[in-house]
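The values are calculated or read from the model by the stated rules, or taken from the named source; none is laboratory data. All figures in this text were calculated on a predicted structure; none of them were measured in a lab. Every residue, glycine among them, receives a Cβ derived from its backbone with ideal geometry; neighbour counts consider all protein chains shown.
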Amino acid sequence: MKYKIFVSGAQKELKKERRAVKEFIRKDALLSEYFDVFLFEDSPAKSKSAEIAYIEEVRKSDIYIGILGQQYGGSGKEKMSPTEAEFREAKAKHKEILVYIKGQNTADKLRDGGMQELIKEIKNPKAGYSYRRFDTATELTNLVYESLISFLKEKGEIGKAGFDQRICDGAKLSDIDENKVKWFLKTARSKRNFPLGLDASVTDIFIHLKLLKDGKLTNAAILLFGKNPRKFFDQAKIKCVQLPSTEVVKPFSSYHIYEEENLFEQVDKAVSFVLDAIKFPVIQQSHTVQVARPREIPEFAIHEAIVNAVAHRDYNTTSSVQVMVFLDRVEIWNSGTLPGNLKIEDLKKSHSSHPSNTTLANVLYFGDYIQQVGSGTNEMVRQCKKHGLPEPEFVSVRNLEFKTILARDIYTDEFFQKSGLNERQVGAIKLIKERSIVALSDLQDVFKNATRKTLYRDLQGLVDKKILKAQGDRKGRKYSL
């Protein structure tokens, strides 16, 4: 049985926001399992008046979501707006009421009079209503997500077990790749002293790893050992993109989605994708066609960043893990964020581990994919510094996504901000990162308003700072990092 949500709000003014809420819930892997959304504009024509029809839908709903904007919506001085009428019905029938007000406090006095009065009532602390403010449709859907997750937790629908620990509906032992289980068993015994013998059955192994619940396969079992996890989870994938620049531009140099494989294989293939991508020439040595590769990212750091994204991501959302290889960096994105007892700065020092998916993390540890508790990010930092690279950057995006940035060289945005270089010098370095080697004429094509003398002085300044090296006479001189 699904909970029914009634979305209320001025249809013309808030058309985009109303639609965004419905589509967000419909496409979200978790919310779509528990909720159906009613939008009046999607209902078929009926013989009943609109007023009667929408009130009946409020009565049949479990949750009332009110989106309040500038317009009140009623016609005539004495006419109550549909939004307020729906709100009153939800209140009278003791529905779960969630209200979202578009705009901040300063905008309230500019709203229609009826809307001002309704918001004033809702804001009254004694009324006990739950309301949040938003400015964009994205902010609204994020707030709705938080509220509905809290609702499900209060109802006991979720929270007792994480996504990885829930039973995978319809999954059978025939969906398990026994060869992958045998590989895991050998690895776990060799690397982690796993206690079961090589003759252990799949069932015994899964019981030991807590991959069975009430005798049924869990989501983690399918994600880790399934023949085709995509059959059950469309969101369990890694998208890998190689870009020809330092920015997101098309066409991509290379693009691949790993979605048919289990998580072990997805990690392996994503790491290989990155390693293949960063083998492209980036610094040309003089008098040779060979390529110097002092800025290659340590393989451990790449592997750790990708496996962390897979282990700690929020599988309740429809978004995938995304790996983006730029000319100067690699970015790994995943949904979810750090637990409340960890901060970004804690990742670069000794810390306890609080994985979002404890069962997944445990099996990945036994499979030698995850390091000892809390040590992986520290080792990433150590190895990057040993390679002469900046420390990895860890970023929480809107508290909904997590991003790890691995620099491919020292010439990062942070470096440019602190370097004191002018715009043309920064542009020269970025151009060389793309082409490996450039001539003065190449810069003239980019900086058309600068004289040749000025550009030569800029380049010579970079040579003096030992950022660039020059080869050849002045007439045919070439520059490389």
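Scanning segment 412-437 for residues that are farther than 24 Å from ILE297 by Cα and either surrounded by 15 or more Cβ atoms within 10 Å (Cβ to Cβ) or touching a residue at least 12 places away in the same chain (Cβ under 8 Å) (or both) turns up LEU421, ASN422, ARG424, GLN425. Of the residues contained in segment 48-62, one or more are found to be touching a Pro at 6+ places or on another chain (Cβ under 8 Å), aromatic (Phe, Trp, Tyr) and farther than 16 Å from ARG133 by Cα. Residues that are surrounded by fewer than 18 Cβ atoms within 10 Å (Cβ to Cβ), under 30 Å from GLN235 (Cβ atoms) and at pLDDT 90 or above are absent from segment 81-102. Tell me whether segment 454-462 contains one or more residues that are charged (D, E, K, R) and not assigned by TED's automatic domain parsing to the domain that holds THR246. The answer is yes; a qualifying residue exists.
The listed residues are LEU152, LEU143, LEU148, and the only one of them that is within 22 Å of TYR34 (Cβ to Cβ) and either of a type in the set (Ser, Thr, Tyr) or out of contact with any helix residue (DSSP H, G or I) (no Cβ under 7 Å at 6 or more places or on another chain) (or both) turns out to be LEU143.
Counting the residues of segment 232-254 that are surrounded by 13 or more Cβ atoms within 10 Å (Cβ to Cβ), within 30 Å of ILE176 (Cβ to Cβ) and either out of contact with any helix residue (DSSP H, G or I) (no Cβ under 9 Å at 6 or more places or on another chain) or of a type in the set (Lys, Arg) (or both) gives 3.
Within segment 321-358, being closer than 29 Å to ILE25 by Cα and at pLDDT 90 or above holds for VAL321, GLN322, VAL323, MET324, GLU331, ILE332, TRP333, ASN334.
Rundown of residues vs (1) within 24 Å of the chain's Cα centre (by Cα); (2) modelled with pLDDT of 85 or more; (3) assigned to a loop (DSSP other than H, G, I, E, B), yes/no style:
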| site | (1), (2), (3) |
| --- | --- |
| ALA221 | yes, yes, no |
| ASP234 | yes, yes, yes |
| PHE252 | yes, yes, yes |
| HIS256 | yes, yes, no |
| VAL267 | yes, yes, no |
| ALA270 | yes, yes, no |
| LYS279 | no, no, yes |
| HIS287 | no, no, yes |
| PRO294 | no, no, yes |
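Going residue by residue through segment 31-43, is there one that turns out to be at pLDDT 95 or above and among the polar types (S, T, N, Q)? Checked against the condition, which is being at pLDDT 95 or above and among the polar types (S, T, N, Q), segment 31-43 yields no hits at all. Scanning segment 136-156 for residues that are modelled with pLDDT under 90 and part of a loop (DSSP other than H, G, I, E, B) yields LYS155, GLY156. Take the conditions (1) touching an Asp or Glu at 6+ places or on another chain (Cβ under 9 Å); (2) touching a residue at least 60 places away in the same chain (Cβ under 8 Å); (3) of a type in the set (A, V, I, L, M, F, W, C); PHE225 misses just one of them, which is (2).
Summed over segment 236-250, the residues that are of a type in the set (Ser, Thr, Tyr) and within 17 Å of the chain's Cα centre (by Cα) give a count of 0.
Residues in segment 359-381 that are surrounded by fewer than 16 Cβ atoms within 10 Å (Cβ to Cβ), farther than 18 Å from LYS343 by Cα and modelled with pLDDT of 85 or more: how many? Within segment 359-381, residues that are surrounded by fewer than 16 Cβ atoms within 10 Å (Cβ to Cβ), farther than 18 Å from LYS343 by Cα and modelled with pLDDT of 85 or more number 1. Whether any residue in segment 116-138 is crowded, with 16+ Cβ neighbours inside 10 Å, in contact (Cβ under 8 Å) with a residue 24 or more places away in the chain and within 19 Å of the chain's Cα centre (by Cα) is what I want to check. Looking through segment 116-138, at least one residue is crowded, with 16+ Cβ neighbours inside 10 Å, in contact (Cβ under 8 Å) with a residue 24 or more places away in the chain and within 19 Å of the chain's Cα centre (by Cα). For segment 303-332, a residue qualifies if it is over 18 Å from LEU389 (Cα atoms) and not aliphatic (A, V, I, L, M), and the qualifying residues are ASN308, HIS312, ARG313, ASP314, TYR315, ASN316, THR317, THR318, SER319, SER320, GLN322. How many residues does segment 301-350 contain that are closer than 27 Å to PRO244 by Cα and either in a loop (DSSP other than H, G, I, E, B) or polar (S, T, N, Q) (or both)? Total satisfying the criteria: 9.
Among the residues making up segment 163-202, those that are surrounded by 13 or more Cβ atoms within 10 Å (Cβ to Cβ) and more than 32 Å from the chain's Cα centre (by Cα) are LYS182, ARG189, PHE194, LEU196, ALA200, VAL202.
On the given criteria, is GLU401 of a type in the set (Asp, Glu), surrounded by fewer than 16 Cβ atoms within 10 Å (Cβ to Cβ), closer than 16 Å to ILE306 by Cβ and assigned by TED's automatic domain parsing to the domain that holds GLU296? Against the criterion (of a type in the set (Asp, Glu), surrounded by fewer than 16 Cβ atoms within 10 Å (Cβ to Cβ), closer than 16 Å to ILE306 by Cβ and assigned by TED's automatic domain parsing to the domain that holds GLU296), GLU401 does not qualify.
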